[in-house]
Amino acid sequence: MKKLEELYPGIGVDILVRGIKINSSEVEDGDLFVCTKGVTADRHDFIDDAKKHGAVALIVSRDIRDPDVPTIKVPDTNRELPYLCQKFYDYPDQKLRMIGVTGTDGKTSVTTIIQTLIGSDLCGYIGTNGRSCAGFTGDNPNTTPDAQNLYLYLDEFVRYGCKYASIETSSEAFFRGRLQAMKFDISAYTNITSEHLNIHGTFENYLASKLMLFRQTKKDGFSILNHDDPYYEQVRNACNGQILSYGVGEDNDLRIVDYQLFPDHSMIHFEYQNRVYDIESPLLGDFNVYNLACAILCVLAAGFNMETIIGKISAIKISGRLEMLKTNAPYYVMVDYAHTPNGISKLLNFVHTLNVLRSIVVIGQAGERDPYKRPKVGNVVVENATHAIFTYEDPRSEDPMAICQDIISELKETHQNYEIVLDRREAIQKAIDMAEENDIVLILGKGNETYEKLKDQTIYFNDLEEAYNAIATRKIREGVKN
């Protein structure tokens, strides 16, 4: 809590501010309401609702008639918000070593691995899978939350004794200005492929937003780059701090010498400072070889030694990422977050290396998100899977059938290995019922998320739970004992 006078010296109002909110429905007694402007809403229009809920002061960027509570006018409320939150929480980002990870795929995996390798007692995590440290776990509404939540979460880490924060930094977060007040000690990227063009308009704009992470890296910090990614040079040219790279070439700081993939683990040979390390990783797939390399190099840059890092690799677990369910059945079921053409392609290529017969994929595409990738996803799935079931996936205000029609819009007439089952629960059940001995069901797009956004409501829904329920339903129907 802070007095308004502390946040805005000279305002002449000695009123206590208990929190900062931008959503009027979330305002509580004592909150400061910041009238930001969103894509579809201007929070200036919700001032009366905010006051009704207990707002004691307002931050605005236009004249307000008879506000009857202390009101501070600033040129741009969106730009003001992160600096205000930073000050309100006593600059928690400056009390932590900030590790930011960007990329089209793999952000959740890398940031989670980093937290595991450093230790959750020292390192907090913020990303798609929520927020956590040794002291607590909690939800997170966005991959990279709005500033009023982001600084609240960082302050939580400080109060629980963390020294590091490993956070996913999305292109949208940079585009929306959520991270503009922050400097990073260590920045990293996994890969870059086309994504979120509905927000950025062009790939060039998308890439430019990704590069902001490296422009906001401290001069004495580190930039960790994937040397094998096609956009390595563009990223490198945007970097501050010392540049470290990972990849297969001999000129990398952390070299991927070779690796062998197995159904339940990977054997990897890394070279670092002229020494080869033989590592057994619980992570699956060649993409996770790169994710692990990225995370290891980040933790090395943070000052930890390789021996300490290797000792923690066996403890890595990433919820909702390549999560193989314990079915006690003759078929396999895997839940994964893959939702981009590149991520899906890599996942299916890995699955084909396993001792499985048919691959049955359940997947959709989010509403109010990049529509340009939908046909690409459709093609990747039907060309690489035995059978595809397209379904809803956070359709929001869009018609779920229209989204599915977008997905199949460019499929060749020769492709008959797909169907549409709009209800996601029914789609999962159908895929489970189709599975025969040594088949694999892949439920993609949501990972371990616990919601679906349908029109104007958010319902509880978890792919892992739904898959287990579908397996149990099939067993009951077939009279099979667990």
Suppose R0 equals 35 Å; then what is the FRET efficiency for T137 and E250 from their Cβ-Cβ distance, rounded to the nearest 0.05?
0.25
Along the positive direction of the dipole of the range 255-330 (beta-carbon charges: Lys, Arg +1; Asp, Glu -1; about the Cα centre), which of I296, I279, H265 reaches farthest?
I296
Per residue of the chain, what 222 nm ellipticity follows from adding -39500 (n - 2.57) for every DSSP H run with n ≥ 4, rounded to the nearest 500?
-9500 deg cm²/dmol
List the relative contact order of the range 318-364 as a percent without decimals, with contacts defined as Cα pairs under 8 Å and 6+ residues apart.
24
Farthest toward positive dipole pole in the chain [+1 Lys/Arg, -1 Asp/Glu at C-beta], among G445, L422, L244
L244
How far is helix 374-384 tilted, in degrees, relative to the longest principal axis of the Cα atoms in the chain, given as a value from 0 to 90 rounded to the nearest 10?
30
With axes computed from alpha carbons, what is the tilt in degrees of helix 424-434 against the longest principal axis of the chain, rounded to the nearest 10 within 0 to 90?
20
With contacts defined as alpha carbon pairs under 8 Å and 6 or more residues apart, what's the relative contact order of the chain in percent?
10
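Taking the DSSP beta bridges in the chain as the whole, what percent of them are antiparallel, to the nearest 5?
35
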For the chain, with the dipole built from +1 on Lys and Arg beta-carbon atoms and -1 on Asp and Glu ones, taken about the Cα centre, which of L81, Q94, G479 lies farthest toward the positive end?
Q94
How large is the dipole of the range 301-367 about the Cα centre if only Lys and Arg carry +1 and Asp and Glu carry -1, each at its Cβ, rounded to the nearest 20 debye?
100
Debye intensity ratio in log₁₀ form over the Cα atoms of the range 200-243, taken at each q of 0.32 Å⁻¹:
-1.14
So how tilted is helix 463-478 from the main axis of the chain? Cα-based, degrees 0 to 90, rounded to 10.
40
Find the eigenvalues of the gyration tensor of the Cα atoms of the range 306-405, then list the square roots of 5 times those eigenvalues as equivalent ellipsoid semi-axes, largest first, in whole angstrom.
28, 18, 13
Provide, in order from the shortest bin, the percent of all Cα-Cα pairs of the range 221-297 in each 10 Å bin, continuing until the bin that contains the maximum pair distance.
19, 50, 25, 5
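Any idea what the dipole of the chain comes to, in debye rounded to 20, about its Cα centre with Lys/Arg Cβ at +1 and Asp/Glu Cβ at -1? Before the final figure, lay out each step's value.
Working: 51 positive and 69 negative charges, 153 e Å.
Approximately 740 debye in magnitude.
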Could you compute how fast the chain diffuses translationally, taking Rh as the Kirkwood radius over C-alpha pairs and applying Stokes-Einstein at 4 °C with viscosity 1.567 mPa s? Give it in µm² per second.
54
Treating only the Cβ of Lys, Arg, Asp and Glu as charged (+1, +1, -1, -1), what charge dipole size does the range 232-362 show about its Cα centre? Round to the nearest 20 debye.
460
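For a quick protection proxy, order the peptides 349-361, 366-378 by their average other-Cβ count within 10 Å, most packed first.
Working: 349-361: 16.9, 366-378: 19.8.
Going by the mean number of other Cβ atoms within 10 Å, highest first, we get 366-378, 349-361.
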K52: which lysines have alpha carbons under 23 Å from its alpha carbon, excluding same-chain residues fewer than 8 sequence positions away?
K2, K3, K21, K37, K73
Give the relative contact order (percent, whole number) for the range 1-110; include only Cα pairs under 8 Å separated by 6+ residues.
19
For the range 1-56, alpha-carbon Rg over 2.2 N^0.38 Å
1.14
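Every read-out reported here was derived from the displayed coordinates using simple, explicitly stated rules and does not represent laboratory data. Bear in mind that the values here come from a model prediction, so they are computed numbers and not experimental data. In this analysis, Cβ positions are derived from the backbone assuming ideal geometry, glycine residues included, and neighbour counts consider all displayed protein chains.
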